[in-house]
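Data first, discussion second: the structure below is written as structure tokens.
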Amino acid sequence: MLKPLATILAALLAITGQPAIATATATPSAETRPGSESTVRPSSVTPSVVTAGSSLTWQPCPNDKIGMECADLQVPVDWHKPDDRKITLKLGRLKATGASEGSVLVAYGGPGGPGIATTAAVPDWWARLRERMDIVTWDTRGYGEQFGGLSTGLACVWTRIPIPEAPRDDAGFGRLSDTNRGFAEACRHQDPQLFANMSSADQAKDMEAIRKALGGAKLNYYGASYAGFYGQDYARLFPDQIRTMVLDGTWNHSPADWSRELEEMAKSNEQSMRRFFTWCATHDCQDVPGLWHKLTERARRKPIPTTTANMAYNARDLQSLALFMARQGAPAWPALARAIRKAAGQGDASDFVPARGARYPDQTTPVTECLDWPRPTTIKELASTDARLRKIAPLTGTANTLASATLTCIGWPAPVTNPPAPLPKGVPPVLGAGAWGESDAVERALAAVPGSVTIRHDGPGHTLYGFNPCARDLMNRYFTDLTLPPPNTQC
């Protein structure tokens, strides 16, 4: 389930607040560029940092209909205090239908996407891989019943709030900080210790506990969407414990230069709009690019109204909504052209209002994300970043980048405990995958890992495993045989 900053990552990753992996629309092809396949050699084993039990007690999952078993694993709420309070992780397992050769740990993103419920909804995805391997998943810490999860949850009201406008001065920055802190404190008050330990790095340490509880064999991991950040953190923390790792439809939490990565996000968004405008040039909407420039300039001065009560969109709102439509590809482009014409010509942005009827972009209280991503600390820093990205991406500005997403984290009562950082030496080759934009981002994340390969889908969608048979077959072969596809593979 994608939430918090992931509503921005939603458009970064082409998702919209639902189970992350369940929203892809990629239309696969079976084309693979020629080349030689490579075989990954396991890295040497070194002692792991985290300790956990060595066995699990499996029994049928609650309301099980597919033969999934569940087990409880106790882990520290704060991994820096391993002997302190414990929380419960609920694990799910689909046993191999043939002789098991090991386990693949699966996470669907979110953060907070319930692994057990999502796996139960899509068991056919794993049918071929289950011929040789167990499929293991878990419900991530902090995201309990309200997210469909069975692990220890943070019992707070997950308030939906609009992503705010960027403040223009110190006073506005202070007001935004106070507003964000108010939302956050309501959650933090329920369980301050858990609130402060819900980063992707904490999830990665939970993954290491799961690996050890499964018997200690090296990790095979599939991470989709936001769970790709769990994988990147695991690679930073436990590089010697990885056998195979797939990062599918994720973004880059491993840059050497965060400012440069923000620029790459903006460039990717700009490319999405230019792709749409290129299509317009030959599809009777040649007037739309000019109308778009006029519309966004007008919306910067005054939000464009809609027929929905109390709903009007500023320039960044329109850019975010247009990007969501543009990333869906040609089937959505005629509607986007009509929406721009209507808003520019009639002053009515109603065709941008999402079908669900909520203000967009919006998000729920962003606990994990505010621990994972840098946020501006001064109005000067914010204004400088905003100006730089708007120059790089005049069509889309800061929309759907973490420069705008992290506005909701200004004033957060917990520090960024898990900032982006490059992957270390010693990580074995990793397999990335993604559609438009995603494949570029994951390739940047893996640039420091020699031998890594990224499967690309030149089209819309979010994540490939569940929807692209070509990519799924290649990922399965990597998991079972340690065989990577050739570089520049297209699916």
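Identify the residue in segment 262-295 that is part of a helix (DSSP H, G or I) and of a type in the set (S, T, N, Q) and, among all such residues, is surrounded by the most Cβ atoms within 10 Å (Cβ to Cβ).
Going through the qualifying residues, I end up with Asn269.
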Q: From (1) of a type in the set (A, V, I, L, M, F, W, C); (2) crowded, with 21+ Cβ neighbours inside 10 Å; (3) assigned to a loop (DSSP other than H, G, I, E, B), pick out the condition that doesn't hold for Leu407.
A: (3)
Q.
Of the residues Lys81, Lys95, Lys86, only one is farther than 22 Å from Asn468 by Cα, among the charged types (D, E, K, R) and out of contact with any strand residue (DSSP E or B) (no Cβ under 9 Å at 6 or more places or on another chain); which?
A. Lys81
Q. Can you tell me which residues in segment 249-261 are assigned to a helix (DSSP H, G or I) and closer than 16 Å to Ser439 by Cα?
A. Glu261
Q: Go over the candidates Arg388, Arg341 one by one and state the one that is crowded, with 17+ Cβ neighbours inside 10 Å, assigned to a helix (DSSP H, G or I), of a type in the set (Lys, Arg) and at pLDDT 95 or above.
A: Arg341
Q) What single numbered condition from (1) of a type outside the set (Lys, Arg); (2) in contact with a Pro (Cβ under 8 Å, 6 or more places away or on another chain); (3) at pLDDT below 95; (4) surrounded by fewer than 23 Cβ atoms within 10 Å (Cβ to Cβ) fails to hold for Asp348? A) (3)
Q) Identify, please: which residue in segment 95-130 is closer than 20 Å to Leu56 by Cβ and of a type in the set (D, E, K, R) and is, among those, surrounded by the most Cβ atoms within 10 Å (Cβ to Cβ)? A) Arg130
Q. Within segment 63-107, which strands (runs of 3 or more DSSP E) (wholly inside it) include 3 or more residues that are β-branched (Val, Ile, Thr), touching a Phe, Trp or Tyr at 6+ places or on another chain (Cβ under 6 Å) and more than 16 Å from Thr118 (Cβ to Cβ)?
A. none
**Q.** Candidate set: segment 164-218, residues that are among the polar types (S, T, N, Q), crowded, with 23+ Cβ neighbours inside 10 Å and modelled with pLDDT of 95 or more; chosen: the one nearest to Ala107 (Cα to Cα)
**A.** Gln203
Q.
Among the residues of segment 434-452, are any assigned to a loop (DSSP other than H, G, I, E, B) and within 30 Å of Leu194 (Cβ to Cβ)?
A. no
Q: Look through Arg236, Arg298 and report the one residue that is at pLDDT 95 or above, of a type in the set (D, E, K, R) and either part of a strand (DSSP E or B) or surrounded by fewer than 17 Cβ atoms within 10 Å (Cβ to Cβ) (or both).
A: Arg298
(Q) I'd like to check something: does segment 166-176 contain any residue that is outside the structural domain of Asn400 (by TED's automatic domain parsing) and within 29 Å of Val122 (Cβ to Cβ)? (A) no
Q.
Condition check: of a type outside the set (D, E, K, R), under 20 Å from the mean Cα position of the chain (by Cα) and either over 18 Å from Asn252 (Cβ atoms) or at pLDDT 95 or above (or both). Does Ile410 satisfy that?
A. no
Q: Inspect segment 102-112 for any residue being within 19 Å of Ala217 (Cα to Cα), touching a residue at least 24 places away in the same chain (Cβ under 8 Å) and over 21 Å from the mean Cα position of the chain (by Cα) and give the result as yes or no.
A: yes
Q. Filter segment 131-156 for residues that are among the acidic types (Asp, Glu) and in contact (Cβ under 8 Å) with a residue 40 or more places away in the chain; which is surrounded by the fewest Cβ atoms within 10 Å (Cβ to Cβ)?
A. Asp134
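The values are calculated or read from the model by the stated rules, or taken from the named source; none is laboratory data. Keep in mind that this is a model prediction, so the values were computed, not measured. We place every Cβ from the backbone using ideal geometry, glycine too, and count neighbours over all the protein chains shown.
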